[in-house]
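Undergrad: Before anything else, here's the structure in question.
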């Protein structure tokens with residue numbers, strides 16, 4: 001029974017990946033909105049874009065990590 | 001798990017995670033510390049491919065570069081500009097290390113896309129070593145360059161005084177969590193993408209949906225090529241960001 005509950009918990013923890021997807025979408029969408037207003041400044045900011053995406057994604061990775069721990073370590 | 005799927009009459013001919021099994025290259029003994037496995041083979045192939053591109057490609061030193069020399073120069077210039085832009089002039093000393101990381105990860109990712117290949121970067125054991133090497137070297141560089149002043153990284157001067165201890169705790173946690181997210185990001189993306197390709201490939205066994213399945217595999221494969229390049233880029237640029245923090249710990 002406990003193992004099954006851990007699997008349910010892993011599924012709930014995986015919802016965090018979806019939340020991270022919202023965050024990544026916000027970053028990319030706002031970058032695009034800014035880039036279309038000032039296209040000449042957009043080229044120099046792609047590194048910032050990817051760093052922002054990586055940091056937003058990191059929290060989704062923690063949710064994934066919790067899911068993995070529940071699946072295999074608990 | 002694979003047996004369960006078959007027992008329930010599922011259409012899956014093979015389990016999508018079978019491709020990530022580490023097995024010995026010769027014989028079928030246990031995998032020990034020094035066993036030559038498929039991971040060893042594909043890592044060695046990545047190193048051979050990089051050497052072929054960078055050493056043999058640039059051997060001619062032609063003024064008008066041929067194809068392989070153009071690619072080698074493009075890769076060199078791309079990483080050099082990234083290191084210079086993100087870490088500044090004093091970070092260029094560490095360019096060879098970052099170039100090595102970038103080339104190894106992008107070649108391992110691309111070689112993993114070859115059919116029947118093994119994706120070495122899909123294993124947390126591989127990416128964790130890369131990420132821990134970055135984490136340890138960045139921490140050591142930070143203390144060597146700045147002495148105890150490196151701890152200023154955790155003490156945010158820009159914040160109001162009552163907030164600073166709380167921020168310091170958060171900064172310390174986020175600092176030590178870096179290698180975790182750094183390694184799992186790469187391994188997770190590689191593993192998930194390749195598993196998705198195999199899941200769609202498994203549907204090809206059902207005659208009714210096999211044309212759709214082939215289309216889906218093609219589309220996901222195209223996406224995976226993009227993801228392979230982007231994840232190598234992200235890993236490298238995060239290394240540059242961590243290095244910048246070590247060289248200039250003042251916010």
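Undergrad: State whether one or more residues within the range B:202-212 are crowded, with 18+ Cβ neighbours inside 10 Å and either in contact with a strand residue (DSSP E or B) (Cβ under 9 Å, 6 or more places away or on another chain) or modelled with pLDDT under 90 (or both).
TA: yes
Undergrad: Could you please let me know if residue B:225 is touching a residue at least 60 places away in the same chain (Cβ under 8 Å), assigned to a helix (DSSP H, G or I), away from chain A (no Cβ under 14 Å) and surrounded by fewer than 22 Cβ atoms within 10 Å (Cβ to Cβ)?
TA: Judged against the criteria, residue B:225 is a match.
Undergrad: Out of B:55, B:83, B:22, I need the residue that is under 21 Å from residue B:111 (Cβ atoms) and touching a helix residue (DSSP H, G or I) at 6+ places or on another chain (Cβ under 6 Å). Which one?
TA: One residue alone meets the criteria, B:22.
Undergrad: Among (1) at pLDDT 90 or above; (2) surrounded by 19 or more Cβ atoms within 10 Å (Cβ to Cβ), there is one condition residue B:128 misses while meeting the rest; what is its number?
TA: Looking at each condition in turn, residue B:128 falls short on (2).
Undergrad: Still on this structure, I have one more. Considering every residue within the range B:159-174, establish whether at least one is surrounded by 13 or more Cβ atoms within 10 Å (Cβ to Cβ), within 14 Å of chain A (Cβ to nearest Cβ), within 24 Å of residue A:17 (Cα to Cα) and within 14 Å of the chain's Cα centre (by Cα).
TA: no
Undergrad: Of the conditions (1) modelled with pLDDT under 90; (2) within 14 Å of another protein chain (Cβ to nearest Cβ); (3) farther than 26 Å from residue B:114 by Cβ, residue B:177 satisfies every one except a single condition; which number is it?
TA: Here residue B:177 clears every test but (1).
Undergrad: Please pick out the residue among B:243, B:238 that is within 14 Å of chain A (Cβ to nearest Cβ), more than 25 Å from residue A:64 (Cβ to Cβ), crowded, with 19+ Cβ neighbours inside 10 Å and at pLDDT 90 or above.
TA: Checking each option against the conditions leaves just B:243.
Undergrad: Any residue at all in the range B:113-122 that is assigned to a loop (DSSP other than H, G, I, E, B), surrounded by 13 or more Cβ atoms within 10 Å (Cβ to Cβ), in contact (Cβ under 8 Å) with a residue 40 or more places away in the chain and more than 29 Å from the chain's Cα centre (by Cα)?
TA: Checking the range B:113-122: not a single residue is assigned to a loop (DSSP other than H, G, I, E, B), surrounded by 13 or more Cβ atoms within 10 Å (Cβ to Cβ), in contact (Cβ under 8 Å) with a residue 40 or more places away in the chain and more than 29 Å from the chain's Cα centre (by Cα).
Undergrad: While we're on this one: Restricting to the range A:14-54, and then to whatever is without any contact (Cβ under 8 Å) to a residue 12 or more places away in the chain and buried (at least 16 other Cβ atoms within 10 Å of the Cβ), can you tell me which residue is nearest to residue B:230 (Cα to Cα)?
TA: A:50
Undergrad: Is it the case that residue B:195 is out of contact with any strand residue (DSSP E or B) (no Cβ under 9 Å at 6 or more places or on another chain), surrounded by fewer than 19 Cβ atoms within 10 Å (Cβ to Cβ) and either within 14 Å of chain A (Cβ to nearest Cβ) or under 28 Å from residue B:154 (Cβ atoms) (or both)?
TA: Yes.
Undergrad: Across the range B:61-83, which residue is surrounded by the most Cβ atoms within 10 Å (Cβ to Cβ) among those that are under 21 Å from the mean Cα position of the chain (by Cα) and free of Cβ contacts under 8 Å to residues at least 12 places away in the same chain?
TA: The extreme case among them is B:78.
Undergrad: With respect to residue B:98, is the statement that it is within 24 Å of residue B:242 (Cα to Cα), in contact with a helix residue (DSSP H, G or I) (Cβ under 6 Å, 6 or more places away or on another chain) and crowded, with 19+ Cβ neighbours inside 10 Å true?
TA: yes
Undergrad: For the range B:32-59, which residues satisfy the criterion of being assigned to a loop (DSSP other than H, G, I, E, B) and exposed (fewer than 12 other Cβ atoms within 10 Å of the Cβ)?
TA: The answer is B:32, B:33, B:34, B:59.
The values are calculated or read from the model by the stated rules, or taken from the named source; none is laboratory data. Predicted model only: the values in this text are computed from it and were never measured. Neighbour counts are summed over all protein chains in view; Cβ atoms, including those assigned to glycine, are modelled from backbone coordinates with ideal geometry.
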